[in-house]
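**Student:** There's a structure below that I have some questions on.
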Amino acid sequence: CMGIVFGKVLSIFLIIGVGFVANKCKVLPNSANDFLVDLLILITSPCMIITSIASKELTEDTVGISIQVFIGAALYFFIFTLLGFFFFGKICKFRPKEDVAVYVMIFVSMNCGFMGFPITLSLFGNDVLYLMVLINVVHTIYLFPFGNIQLNIGRQQGEKSNAKEIFASAVNPCTIAALLGIILLFTGIKLPDFLFSSMEMIGDSTVPLSMLLVGMQLGNSNFARIFKNKKLVAVCSLRMFIVPVIMFFALNWLPLAATLKAALIFATCFASGVGIVPVISKEGKNSLLAAEGVALTTLLSMIIIPVSSMFLLTYYGLT
């Protein structure tokens, strides 16, 4: 079993390596980033989400675990946001003060969608992917509007946040796909076979495309500069190596389904969410710091994802 899991993990990271080399060789130049992101976010990921959720069977257990994962994810974002502000703002007294909220978003957010969906599907299968999709729905709510709210703590009078932009960002194709998938699941409506098969084939391309893009983005990052920011290195290290451990000890003793525990813990093993960069940029805050945090946590996730996935799969007997 461990050999199979290791093989799956290795294959994913080999694709990331191909993306990295392709970027350095200009086969996948930096200019291709926006096109690949749009392809993933607008087409392949929504197809993967809908077919993965719609293929599940609705049972009492499905309803119960859906409610539990919503509560668990909401508690995570609430508790760790408070911890972040207390630790970075009050204890460590990070300066400048306006960057504290940015560090908190790096610390709390998770790339459980763009990077999380394909890796979760490859390693854990549809059951855990379904829960990861629901966690991502809560993550979207965290970003819009609560992320905007926390970034604007201390905003001067007369400045306003653009509500229309917040709503437009929150209503993205992946969120809509998740809602459509849940509606199909709970109503029992089945898509025609030809449509489902087509969407499934398109969705299957999400894994290699996502991993190629991750490798490409790592190849484009200036890690020499990033590692000079000691505060950022400390925050990212806490985020990637300590938070998953805290989540494990917080959840492991609870009488919850193994798939639910694995999903909530594994979600914290992914890098900080790429969605924080445009949110922070729109609010006129330090978006470069956010982008560097995403890049560094993505690099660190190359260590934590293989280790955590093999541990969770074997510990919870999900292989």
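The values are calculated or read from the model by the stated rules, or taken from the named source; none is laboratory data. Bear in mind the structure is a predicted one, so any value in this text is a computation, not a measurement. Here Cβ is always computed from backbone atoms with ideal geometry, including for glycine, and neighbour counts include all displayed protein chains. The accessibility values were calculated without ligands, DNA or RNA, using every heavy atom of the protein model including side chains. Shrake-Rupley method; radii C 1.70, N 1.55, O 1.52, S 1.80 Å.
**Student:** Does T62 satisfy the criteria of being within 21 Å of L179 (Cα to Cα), in contact (Cβ under 8 Å) with a residue 40 or more places away in the chain and surrounded by 13 or more Cβ atoms within 10 Å (Cβ to Cβ)? Talk me through it step by step, then tell me what you get.
**Tutor:** Numbers: within 21 Å of L179 (Cα to Cα): yes; in contact (Cβ under 8 Å) with a residue 40 or more places away in the chain: yes; surrounded by 13 or more Cβ atoms within 10 Å (Cβ to Cβ): yes.
Yes, satisfied.
**Student:** Which of the residues spanning segment 305-319 are touching a residue at least 12 places away in the same chain (Cβ under 8 Å) and surrounded by fewer than 20 Cβ atoms within 10 Å (Cβ to Cβ)?
**Tutor:** Within segment 305-319, P306, M310, T314, Y316, G317, L318, T319 qualify.
**Student:** On the basis of being touching a helix residue (DSSP H, G or I) at 6+ places or on another chain (Cβ under 8 Å) and over 29 Å from V207 (Cα atoms), does G19 make the cut?
**Tutor:** no
**Student:** Quick check on my filter: what residues within segment 40-55 are of a type outside the set (S, T, N, Q), under 16 Å from the mean Cα position of the chain (by Cα) and within 14 Å of S198 (Cα to Cα)?
**Tutor:** If the condition is that a residue be of a type outside the set (S, T, N, Q), under 16 Å from the mean Cα position of the chain (by Cα) and within 14 Å of S198 (Cα to Cα), then P46, M48, I49 are the ones that fit.
**Student:** In the list F13, F107, which residue meets the criterion of being open to solvent by less than 50 Å² (accessible area, probe 1.4 Å) and at pLDDT 85 or above?
**Tutor:** Criteria check complete, one pass: F107.
**Student:** Here's another thing I want to ask about it. Do you know which residues across segment 210-232 are farther than 11 Å from A295 by Cβ, open to solvent by 40 Å² or more (accessible area, probe 1.4 Å) and assigned to a helix (DSSP H, G or I)?
**Tutor:** Of everything in segment 210-232, those that are farther than 11 Å from A295 by Cβ, open to solvent by 40 Å² or more (accessible area, probe 1.4 Å) and assigned to a helix (DSSP H, G or I) turn out to be L212, A224, K230, K231.
**Student:** Could you identify the single residue in N152, N148, N172 that is under 20 Å from the mean Cα position of the chain (by Cα) and either within 24 Å of F88 (Cβ to Cβ) or modelled with pLDDT under 55 (or both)?
**Tutor:** After applying the criteria, what remains is N148.
**Student:** Filter segment 239-290 down to the residues that are farther than 25 Å from L318 by Cβ, open to solvent by less than 10 Å² (accessible area, probe 1.4 Å) and in a loop (DSSP other than H, G, I, E, B) and list them by number.
**Tutor:** Passing the criteria: only S272.
**Student:** Among the listed residues I53, I67, I49, identify the single one that is farther than 18 Å from V243 by Cα, out of contact with any Leu (no Cβ under 9 Å at 6 or more places or on another chain) and not small (G, A, S).
**Tutor:** I67
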